[in-house]
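The values are calculated or read from the model by the stated rules, or taken from the named source; none is laboratory data. What you see is a predicted model; the values in this text were computed from it and never measured. FYI the Cβ positions are ideal-geometry reconstructions off the backbone, even for glycines, and counts take in every protein chain you see. Accessible surface areas use protein heavy atoms only, side chains included; no ligands, DNA or RNA. Shrake-Rupley method; radii C 1.70, N 1.55, O 1.52, S 1.80 Å.
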Amino acid sequence: MILLRLLLIIYLTNATFLFFEHDSYEFSISESAPITTKIGFIKATSSSSILIHYELHGDIYKTFYLNSSTGELILLNMLDYETITIHKLTIEAHSSSSSSTIAPCFSEIIIHVLNINDNLPDINLIFYPSVLFQSNIIKYDLNTYSTPLATINIKDLDESTKNLSLFINDTKHFQIQFVRQIKNGLITESIYILSTKNNSQLIEYDYYYLSLNSCDNDQPSLWTNRSYEFQMKPNEEYLCQFSFNKNNNNYILDIKENLSNRTLILEKITNKFCYNVSYSIDDTKNFYINTKTGSLYTSTIFNREKQSIYILNYKVIDQYKKEFNTTIIIRILNEYGHIPFLRKKNFQINQNEFFSIDLFNSTYCRYQTRIYNYFQLLTNCTLIKLSLPVKGKYLFHIQLNNKNNYEDTFQLEITSQSNQTFLLLFIRSQWIIIIPIFLGIFLIFITIICAMIIIRKRKYNQICHDKQKSSSSSSNEENVHDKYDAISTVSKLKVHDDHELSLSPTRTAIYLIQKSSSSPFSSSSPIRDDEGYSGSSDVSENHLPVETSILTTNQLLEQYRIYEFRTRQSMSSSSYDVPKRMNMSCISQDVSLV
């Protein structure tokens with residue numbers, strides 16, 4: 001309606017003007033379109049026959065060319081979708097005459113750039129400074145399974161809804177791990193971690209060639225390749241290591257049950273850098289190892305029902321006296337190749353104490369409803385009692401549902417209560433340790449008490465001996481004086497009382513006292529001191545059993561011997577009143593007559 005009114009006004013006023021048929025013009029062109037590609041025509045219309053001239057505004061990068069006479073739009077430079085996706089320009093149409101008063105007209109041009117997968121993925125490898133020893137030498141940890149080396153950044157400048165992919169050529173010694181993908185506008189970036197793999201085998205080679213290949217997974221698919229060559233070096237000087245993959249530090253070896261003695265079951269498992277080394281194992285009863293070559297042999301005939309899993313501690317000592325170990329798990333397979341999994345193969349229990357036994361830590365045991373009418377096996381590998389079992393041995397076959405070919409045996413021995421059982425329980429209890437400790441403490445206590453008693457008794461005896469010695473020395477002095485007085489008394493009284501002491505009227509007791517003095521500390525001859533009395537008698541010597549020793553005050557030991565002499569028969573008793581001097585020729589000069 002507005003256009004009709006405008007035409008009516010122009011017609012009535014007979015005015016001349018310019019106008020475009022559309023307010024805006026839209027075009028689409030591929031970003032891969034070559035230069036001089038024709039995009040389209042833009043034309044203006046006038047009410048009268050005039051020459052129209054066209055101009056283009058807003059093209060600051062000079063990407064397009066507009067024919068000023070025909071209005072044709074042509075591509076002047078290459079397009080890039082990732083840089084500019086839409087170009088918005090303005091076109092002007094005006095009269096070519098400079099004196100014309102016709103007003104120009106304007107219209108908008110919108111050019112859409114179509115995306116084409118034309119950019120290759122960009123790979124950027126960044127090594128970590130901690131592992132970069134030199135420009136082409138990479139350090140790694142020989143004691144671990146893997147060592148992170150670098151971060152890999154992959155960018156795709158093309159807009160894509162698919163993920164970038166990365167591949168490496170050496171998957172035996174290297175591995176990559178996807179971390180995340182970042183979307184920054186039209187740019188897609190993927191991040192990976194590059195690390196080593198099987199570090200114990202890296203020292204087998206000197207140089208490594210690593211090729212990284214990335215694909216954008218778009219249409220058409222574009223690939224990018226980056227190649228690297230470097231040398232791997234361990235972070236320690238000792239290169240002697242195990243040659244197998246030490247995952248969880250265990251090495252699993254399966255052997256047949258019916259192997260003969262001295263059968264080789266394992267070759268040397270160390271690398272070529274191990275020389276002048278010694279090998280050893282802890283189980284020398286069932287296996288034999290060559291200490292120089294490291295070869296492992298059997299040394300017994302295996303019985304799978306008694307034991308089906310053996311664990312060996314494999315020790316290596318290299319030329320630098322460095323020791324490193326690994327654990328070798330040896331599984332005994334039966335004739336059908338069944339793999340064992342039970343560590344404990346035998347169990348003994350009293351029939352009244354048995355309720356259940358946990359055989360294996362798993363929830364995939366094959367369920368068995370009734371076994372020997374006394375037992376039941378649950379899916380959690382627990383053997384429970386259904387009724388009181390009789391005394392005897394029971395053999396069970398255990399299988400796992402989730403793992404093929406895993407089957408093992410278990411033997412249960414049911415016993416009855418006996419004194420031997422009580423003894424066995426006592427031995428297994430903690431009292432077997434506590435009681436000897438208490439007995440040892442008691443014996444030590446008794447020993448200490450006895451030692452104290454003996455020491456105390458010895459001290460008491462020593463004190464008594466000292467007292468007795470002091471008292472005896474004093475009493476000896478007193479006894480010397482007493483004995484001397486006693487002898488002197490005898491010498492004075494015996495003559496007076498000898499008749500009364502005589503055993504018969506024809507005998508008179510006359511005593512001779514022999515005195516010899518000597519020092520107890522000297523061996524010189526005794527000092528002679530003779531005195532005595534005589535009577536009228538025929539002297540015949542008859543020794544009396546009287547002999548005494550006296551220690552005098554001047555430290556002289558005096559010994560006295562007393563002798564008896566018979567008298568002549570006399571009718572008169574007066575002959576005893578006055579004793580006569582006896583013949584001294586009959587008496588020894590070493591005696592004194594009393």
*Report yes if some residue within region 424-438 is under 36 Å from the mean Cα position of the chain (by Cα), under 30 Å from residue 254 (Cα atoms), polar (S, T, N, Q) and at pLDDT below 90; otherwise report no.*
no
*Does region 188-225 hold any residues that are touching an Asp or Glu at 6+ places or on another chain (Cβ under 8 Å) and assigned to a loop (DSSP other than H, G, I, E, B), and which are they?*
216, 218, 222
*Hey, could you check region 145-172 for residues that are closer than 15 Å to residue 228 by Cα and open to solvent by less than 10 Å² (accessible area, probe 1.4 Å) and say which is nearest to the chain's Cα centre (by Cα)?*
149
*Those residues of region 279-302 which are in contact (Cβ under 8 Å) with a residue 24 or more places away in the chain, open to solvent by 50 Å² or more (accessible area, probe 1.4 Å) and not aromatic (Phe, Trp, Tyr), in sequence order*: 282, 293, 301
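Is one or more of the residues making up region 171-187 assigned to a strand (DSSP E or B), closer than 30 Å to residue 336 by Cβ and at pLDDT below 90? Steps first, answer last, please.
Of the residues in region 171-187, the ones assigned to a strand (DSSP E or B) are 174-184, 187.
The next check asks that each one be closer than 30 Å to residue 336 by Cβ; those that pass are none.
No, there is no match, as no residue in region 171-187 is assigned to a strand (DSSP E or B), closer than 30 Å to residue 336 by Cβ and at pLDDT below 90.
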*Residue in region 49-87 that is surrounded by the most Cβ atoms within 10 Å (Cβ to Cβ), counting only those that are hydroxyl-bearing (Ser, Thr, Tyr) and more than 18 Å from residue 30 (Cβ to Cβ)*: 54
*With the checklist (1) open to solvent by 80 Å² or more (accessible area, probe 1.4 Å); (2) at pLDDT 90 or above in hand, flag the one item residue 384 doesn't pass.*
(1)
_Matching entry among 327, 379 (being touching a helix residue (DSSP H, G or I) at 6+ places or on another chain (Cβ under 8 Å), open to solvent by less than 80 Å² (accessible area, probe 1.4 Å) and of a type in the set (Ser, Thr, Tyr))_ = 327
*Which numbered condition residue 341 fails, given (1) in contact with a strand residue (DSSP E or B) (Cβ under 7 Å, 6 or more places away or on another chain); (2) part of a loop (DSSP other than H, G, I, E, B); (3) open to solvent by 70 Å² or more (accessible area, probe 1.4 Å)*: (3)
*Inspect all residues belonging to region 97-109 and state whether any of them is open to solvent by less than 40 Å² (accessible area, probe 1.4 Å), in contact (Cβ under 8 Å) with a residue 24 or more places away in the chain and acidic (Asp, Glu).*
no
*asked:* Given the criteria of a type outside the set (Gly, Ala, Ser) and in a loop (DSSP other than H, G, I, E, B), does residue 153 qualify?
replied: no
*Does region 242-266 hold any residues that are farther than 14 Å from residue 311 by Cβ, at pLDDT below 70 and within 23 Å of the chain's Cα centre (by Cα), and which are they?*
244, 245, 246, 247
_Need pairs with beta-carbon distance below 8 Å; first residue more than 16 Å from residue 189 (Cβ to Cβ) and open to solvent by less than 80 Å² (accessible area, probe 1.4 Å) and within region 211-239, second at pLDDT 90 or above and outside any strand (DSSP E or B); sequence gap 6+ or separate chains._
211/169; 213/169
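Would you check if residue 98 is of a type in the set (Ser, Thr, Tyr) and at pLDDT below 85? Write out each step before concluding.
Details: of a type in the set (Ser, Thr, Tyr): yes; at pLDDT below 85: yes.
Yes; evaluated as a whole, the condition is true for this residue.
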*Kindly indicate which of 125, 142, 114 is crowded, with 18+ Cβ neighbours inside 10 Å and in contact (Cβ under 8 Å) with a residue 24 or more places away in the chain.*
142
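Against the definition (farther than 30 Å from residue 233 by Cβ and either open to solvent by less than 70 Å² (accessible area, probe 1.4 Å) or touching a residue at least 12 places away in the same chain (Cβ under 8 Å) (or both)), how does residue 90 come out, yes or no? Reasoning before the result, please.
Values: farther than 30 Å from residue 233 by Cβ: yes; either open to solvent by less than 70 Å² (accessible area, probe 1.4 Å) or touching a residue at least 12 places away in the same chain (Cβ under 8 Å) (or both): yes.
Judged against the criteria, residue 90 is a match.
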